[in-house]
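What follows is a short report on a single structure.
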Amino acid sequence: MTDKPLTAREKIAKLRASFVAQLPGRIAEARRLFERLRADNADHAAAVELHRFLHSLKGTGRSFGFGDVGDAAAQAEEIAARLLEMPEKKAPDFWEDLLTACLDGIERSTAEMLVPGSAAGDAGEAPGFALPPQAVDAETPGGGRVIYLCDDEPLAAEQLAAQLGCFGYQASAFTEPAALRAAILTRRPDALVMDINFPAGCKDGTEILADLKHDVARAVPAVFLSARSDFDARLRAVQAGGQAYLQKPASALDLVAVLDDLTQQQKPEPYRIMIVDDEPEIASYHGLILQSAGMVTYQVSEPTRVLDVLEEFRPDMVLMDMYMPVCTGKDLAQIIRQVPEFVGVPIVYLSSETDKAVQFSAMRIGAEGFMTKPVVPADLIAAVAIRAERMRALRSLMARDSLTGLFNHTTTTQLLESAIANGKRQNGSLCFAMIDIDRFKSINDTYGHPTGDQVILALSRVLQQRLRNSDIVGRYGGEEFAVILQDVSLETAAGLIDGLREDFSRVAFHAGDAKFSCSFSAGIAGFPKHKRMELLREAADKALYQAKRDGRNRVVVD
């Protein structure tokens, strides 16, 4: 029988118990440092270590809800700081004060904590030492996104439904509100697309939507279509709960852009936070707080490992203690900032340091903030989320193509290298596809560059909507795209890309009164047949040019 996994609160209780159990040994070490200083008051290393121990005990004790221990350590820390400021060879006149505050006072508080049956000795949850309640997201049902269209013009509704199908939507068209209502009661769609005006004697679209809200427990996102563009029509749509309003004739691409936003099912990647603290228990505690909010954390107790972890973990933010062995947080932050690829990683200090001058000095090297231990869990989550989101937004701007939102050429190349390296480690496979829109120059020359941009956007949306979340799609340049398909055979990849080719060829484009369609050609190569990134890319490129020479609008496999 397997043990039931511990809850976050149970894990925190274990961390507190571990902290309490380690205190006698830590205080014994502090006594040894104290005796070293008594023997040689010029032993600067012992003074630094004793000050660091007291500073750490102050922050950790208070964070774990042991206020008496934290307060005694804070008093002793102030006295120990005076040691660091004294000239060498000068004997301090406050040894007994330091001994009493640093050791006797802390030991008394610790002895009370270790009494069996006491609240501290049981290491349960202390007042103010709790994880904030987190909202639980309802599960999103699996399957493709279902769209119901309701319009009294059957041909227009069917054509629009067919176009949405090319982008991966399961679209059904209805011409009567009663049929729409029956379908919704059978299966709730991910979004509704409705005309506002229906024939005389029928309710309008806003009234129909209001009626549907009584039948459906949770509101369905609604997009209104209308030949009208006046303020009154738009106001009625908004007041009825419509999230978007498109004027007829609405292009499929405009509608897809709206539906993509309204029905986005892919959850954002959790924030990745690296926690650097030489106290493993307090690092784990802060990690549990952030994990309770859905973040991914990596705890580092040895500052010497930080650069390696940064390279491997790629955090959105670094949460760092100020006082650690080997180097201070300020030193470590400076080391991180000297590595070009880590210059922009947000660094926030999480320390019991309360001296504002010290805090500002530590932030001058490029840190984004300073939080004082003990920190309220909700405040920690909010502060980390804000900075991590900002970092992610900046990274996205640097890694994404401005028109399509796909990965740019540089990022796609880096991701291909990473995918090949991962394939080598795990003996896996992947396919790399190069896609190029056929006769794209002619489209620009005939219909203009804005229309050409619409074609590029349409293909990017087809690729995004129809491929798996694990697949990587990039705009390689101009009208050329690249796709990295993980763990698929060449045969499967060819079938998948060919299906996308057929769907894209059915998308209707409009330029003024003109209507036209496009096609693309693709070349596919696979790893491990081609073991290096340059060889894999060259093979896919050759296959693409072969597809062009063979007449375009086809897929060629290397």
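The values are calculated or read from the model by the stated rules, or taken from the named source; none is laboratory data. On a predicted model such as this, the values are computed, not experimentally measured, just so you know. Here the Cβ positions follow ideal geometry from the backbone for every residue, glycine too, while neighbour counts run over all protein chains shown.
Considering every residue within segment 392-400, establish whether at least one is at negative phi and buried (at least 19 other Cβ atoms within 10 Å of the Cβ). Full working, then the answer.
The initial filter retains those residues of segment 392-400 that are at negative phi, namely 392-400.
Of the ones still in play, those that are also buried (at least 19 other Cβ atoms within 10 Å of the Cβ) are none.
Within segment 392-400, not a single residue is at negative phi and buried (at least 19 other Cβ atoms within 10 Å of the Cβ).
I need the strands (runs of 3 or more DSSP E) fully contained in segment 235-311, keeping only those with at least 3 residues that are within 22 Å of PHE19 (Cα to Cα), at pLDDT 85 or above and not basic (Lys, Arg). First the steps, then the outcome.
On the way: elements: 244-247, 272-276, 296-300.
Correct list: 272-276, 296-300.
Quick one: which helices (runs of 4 or more DSSP H) sit completely within segment 329-426 and have at least 1 residues that are over 30 Å from HIS55 (Cβ atoms) and not charged (D, E, K, R)?
Values: elements: 329-337, 356-363, 377-399, 409-426.
Output list reads 377-399, 409-426.
Let me confirm something: among MET398, MET391, which residue is under 27 Å from LEU536 (Cα atoms), at pLDDT below 85 and of a type in the set (A, V, I, L, M)? Write out each step before concluding.
Working: MET391 fails: under 27 Å from LEU536 (Cα atoms).
MET398 is the lone residue from the list that is under 27 Å from LEU536 (Cα atoms), at pLDDT below 85 and of a type in the set (A, V, I, L, M).
Among ASP498, ASP503, which is in contact with a Cys (Cβ under 6 Å, 6 or more places away or on another chain), surrounded by 13 or more Cβ atoms within 10 Å (Cβ to Cβ), charged (D, E, K, R) and in the same structural domain as SER442 (by TED's automatic domain parsing)?
Working: ASP498 fails: in contact with a Cys (Cβ under 6 Å, 6 or more places away or on another chain).
That would be ASP503, the only listed residue that is in contact with a Cys (Cβ under 6 Å, 6 or more places away or on another chain), surrounded by 13 or more Cβ atoms within 10 Å (Cβ to Cβ), charged (D, E, K, R) and in the same structural domain as SER442 (by TED's automatic domain parsing).
Which residue out of THR372, THR354, THR410, THR328 is crowded, with 16+ Cβ neighbours inside 10 Å and of a type in the set (S, T, N, Q)? Steps first, answer last, please.
Working: THR372 fails: crowded, with 16+ Cβ neighbours inside 10 Å; THR354 fails: crowded, with 16+ Cβ neighbours inside 10 Å; THR410 fails: crowded, with 16+ Cβ neighbours inside 10 Å.
After ruling out the rest, the residue left standing is THR328.
What residue, among those in segment 162-181 that are polar (S, T, N, Q) and outside any helix (DSSP H, G or I), is modelled with the lowest pLDDT? First the steps, then the outcome.
Quick first cut of segment 162-181, residues polar (S, T, N, Q) only: 163, 170, 172, 175.
Next cut, outside any helix (DSSP H, G or I) only: 170, 172, 175.
On the way: GLN170: 87, SER172: 89, THR175: 83.
Here the answer is THR175.
Within segment 510-519, track down each residue that is at pLDDT below 90 and surrounded by 11 or more Cβ atoms within 10 Å (Cβ to Cβ). Outline the logic, then answer.
The first filter runs over segment 510-519 and keeps only residues at pLDDT below 90, leaving 510-515.
Within segment 510-519, HIS510, ALA511 qualify.
Check ALA21 against each of (1) touching a residue at least 24 places away in the same chain (Cβ under 8 Å); (2) not in a loop (DSSP other than H, G, I, E, B) and name the one condition it does not meet.
Answer for ALA21: the failing condition is (1).
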